[in-house]
Amino acid sequence: LFTSSISKEGKSFLSLNLGASLAMMDKKTVILEFDMRNPKLHGPLNIENTIGLSNYLIGRAELKDIIRPIPTHPNYFIITCGPMPPNPVELLINGRLEELFTELRKQFEFIIIDSPPVGIVTDSQILGKQADATIYVMRYGYTPKNCLEYINALYKEKKFKNLNLVFNAIKEGGSYGYGYGYGYGY
């Protein structure tokens, strides 16, 4: 599961590229576009989004109808979000989510979940129950520092399994504010 504190920290970029890397290693991989309020995966891939997760979760599509190959990568598939539902949380708790993951685990070696920011809505925490690991993305110079306390609370309360942090967009050659007073520093 990929999540973050706020939008534009790099979740979709990192999740999409991790999936491509796994597929290039001959691992059958599917990426799920679960940021239903602000989907960002299908557009850059030029994959239509007329049917997807929202249709499946309300019982109006079968899994075989929503899995699409990503043309540039063998072994890599996507399930787009589908039409934006009025309340995504209701879809996530209606019972079909568990069924979705049970079926996906039978077909794929890796399931990547691109989810919305955890600091805004509860979707990621619901989806996190289906994940083996959570990648929490922070972006250098963008993620508010007060979010670190929230991430620490999520860790202490065990809200996510195997919580990992990725510090994104660090620029080479940047300065660091630590020094010794003897002329040493970075």
Worksheet, complete the sentence: Of the residues in segment 30-40, those that are at pLDDT below 95, over 11 Å from residue 83 (Cα atoms) and open to solvent by less than 60 Å² (accessible area, probe 1.4 Å) number 1
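So that you can scan it fast, the table gives a plain yes or no per residue for (1) of a type in the set (Lys, Arg); (2) more than 23 Å from residue 38 (Cβ to Cβ); (3) in contact with a Pro (Cβ under 8 Å, 6 or more places away or on another chain):
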residue: 65; (1), (2), (3): no, yes, no
residue: 70; (1), (2), (3): no, no, no
residue: 74; (1), (2), (3): no, yes, no
residue: 105; (1), (2), (3): yes, yes, no
Worksheet entry | Search result, residues across segment 136-167 that are closer than 24 Å to residue 16 by Cβ, open to solvent by 40 Å² or more (accessible area, probe 1.4 Å) and among the aliphatic types (A, V, I, L, M) | 165, 166
Fill in: Subset of segment 159-173 [of a type outside the set (Val, Ile, Thr) and under 18 Å from the mean Cα position of the chain (by Cα)]
159, 160, 161, 162, 163, 164, 165, 167, 168, 169
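Consider residue 77 carefully, then state whether it is open to solvent by less than 70 Å² (accessible area, probe 1.4 Å), modelled with pLDDT of 95 or more, in contact with a Lys or Arg (Cβ under 8 Å, 6 or more places away or on another chain) and of a type outside the set (Gly, Ala, Ser).
So residue 77 passes the test.
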Worksheet item: Within segment 2-29, which residues are among the basic types (Lys, Arg) and either open to solvent by less than 10 Å² (accessible area, probe 1.4 Å) or in a helix (DSSP H, G or I) (or both)?
Response: 11
Worksheet entry | Unique match (being more than 24 Å from residue 92 (Cβ to Cβ) and of a type in the set (D, E, K, R)) among 40, 28, 64, 11 | 28
Item to complete: Check segment 47-57 and report whether any residue there is part of a helix (DSSP H, G or I) and under 30 Å from residue 143 (Cα atoms).
Response: yes
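So that you can scan it fast, the table gives a plain yes or no per residue for (1) of a type in the set (Asp, Glu); (2) crowded, with 18+ Cβ neighbours inside 10 Å; (3) over 24 Å from residue 18 (Cα atoms):
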residue	(1), (2), (3)
58	no, no, yes
81	no, yes, no
84	no, no, yes
90	yes, no, yes
96	no, no, yes
101	no, no, no
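The values are calculated or read from the model by the stated rules, or taken from the named source; none is laboratory data. Small disclaimer: the values here were computed from a predicted structure and weren't measured. Neighbour counts are summed over all protein chains in view; Cβ atoms, including those assigned to glycine, are modelled from backbone coordinates with ideal geometry. These accessible areas exclude ligands, DNA and RNA; they are computed on the full protein's heavy atoms, side chains included. Shrake-Rupley method; radii C 1.70, N 1.55, O 1.52, S 1.80 Å.
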